[in-house]
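The numbers here are math on the coordinates, done by the rules we state, and not lab data. Note that the structure is a prediction, hence the values are computed from the model and not measured. Reconstructed Cβ throughout: ideal geometry from the backbone, glycine too, with neighbour counts over all protein chains shown.
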Amino acid sequence: MKQSSRPPIRILLARPRGFCAGVDRAIAIVREALARNGPPVYVRHEIVHNRHVVEELRRAGAVFVEELEEVPDGALVVFSAHGVPKRVPEEARRRGLRFADATCPLVSKVHREVERHVAAGRTVLLIGHAGHPEVEGTMGQVPPGAVLLVETAAEAEKIEVPDPGRVALATQTTLSVTDTAAIREILRRRFPGIVEPGREDICYATTNRQRAVAVIARRVDLLFVVGAPNSSNSLRLVEVARQSGCARAELIQSPADIDWRCLTGIEAVGLTAGASAPEVLVRGVIDAFRRRYAVTVEEVTTAEENVSFKLPPIPTSTAALRAAE
């Protein structure tokens, strides 16, 4: 088929999109651990929520496990970017495992804030999603019951605390700014003395990607978010697109998820990627469009990002030390 016979379509490409500094750092930690120790390097939980990234690291020699009991003695284990409960590094030390902590520094900031509030006698209300590894990691920094999870506005209206005068607020870093704001307003009304973070817990990358989506949402007929179904920040981007006036917004993991029959009559498509989705997947979507349409790409930039995080010390596994002797 000649290019001229293909129907025209515009792709509005959101910028910023894709990997954030925390994800870059987490992936770099696993790669550096593999380079220093050789495979296998064990990773507790998916290092980030993206199948492409996980499979790429698995091919390089990473072994993904859910709990430390799956890690053999003498091995090196990396903790995921989402953070882990305190019991996990404590168990690693008890077993004599070497470990590297890939927790995003912005998540670690929330952990330290929660610890300070609990030490000061406050009950922490954590806005987040039950079962998400970041939430489990944050709640696991302090004794059970010290942090109470708030998922919805309805729960915010009903939640009870031991002392309404000693309450603090924390937030999962990957939530929708709009949804979080509504819950925060309820908690402020119910607990006028609530202590809030000095700076917003929702991370810069989450905020920037949501703002970029909000800007292009009204200019397109359909918006695709490249990301994983278990990626909180990717799911929130879909919600933000819909809330911002996009008639259709869908989460896809690759071009294989696109139902091309449903694009009839579409003139403009928005495209972005969650913070754990690599740019190669975005380019794959654009290439798939180019095989079917005469594509014009317009990159819409709403913020510039220059944040980077240093890598932590990467230990040598006991097994690698023995092999070098």
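When each of 129, 52, 45 is scored by the number of other beta-carbon atoms lying within 10 Å, the sequence from fewest to most is 129, 52, 45.
Can you give the helix-only mean residue ellipticity at 222 nm for the chain, where every DSSP H stretch with n ≥ 4 adds -39500 (n - 2.57) and the sum goes over all residues, rounded to the nearest 500 deg cm²/dmol? When only DSSP H runs of four or more count, the value is -11500 deg cm²/dmol. Two numbers describe the Cα atoms of the stretch 34-135: Rg and Dmax, which are 15.0, 47 Å. Local charge for residue 118 was computed over the other residues whose Cβ lies under 15 Å away, with Lys and Arg +1 and Asp and Glu -1, and equals +2.
Using a simple spin-label model with pseudo-atoms 7 Å out from Cα toward Cβ, residue 161 and residue 5 lie 6.7 nm apart. If you take every residue apart from residue 244 with its C-beta less than 11 Å away from the C-beta of residue 244, what net charge results, scoring Lys and Arg +1 and Asp and Glu -1? In short, +3. Cross-link partners for residue 86 among the aspartates and glutamates, with Cα-Cα distance under 17 Å and sequence neighbours closer than 8 places in the same chain left out: 66, 67, 69, 101, 113, 115, 134, 136. Cα convex hull, the stretch 139-215: 105 Å³ per residue, rounded to a whole number. Of the residues 86, 158, the one with the fewest other Cβ atoms within 10 Å heads the list, and the complete ranking is 158, 86. How many angstrom lie between the C-alpha centres of the stretch 206-269 and the stretch 147-182? Each part's Cα centre sits 27 Å from the other's. Under a Gaussian network description of the chain, with springs only between Cα atoms under 10 Å, the residue in 266, 11, 27 that fluctuates furthest is 266.
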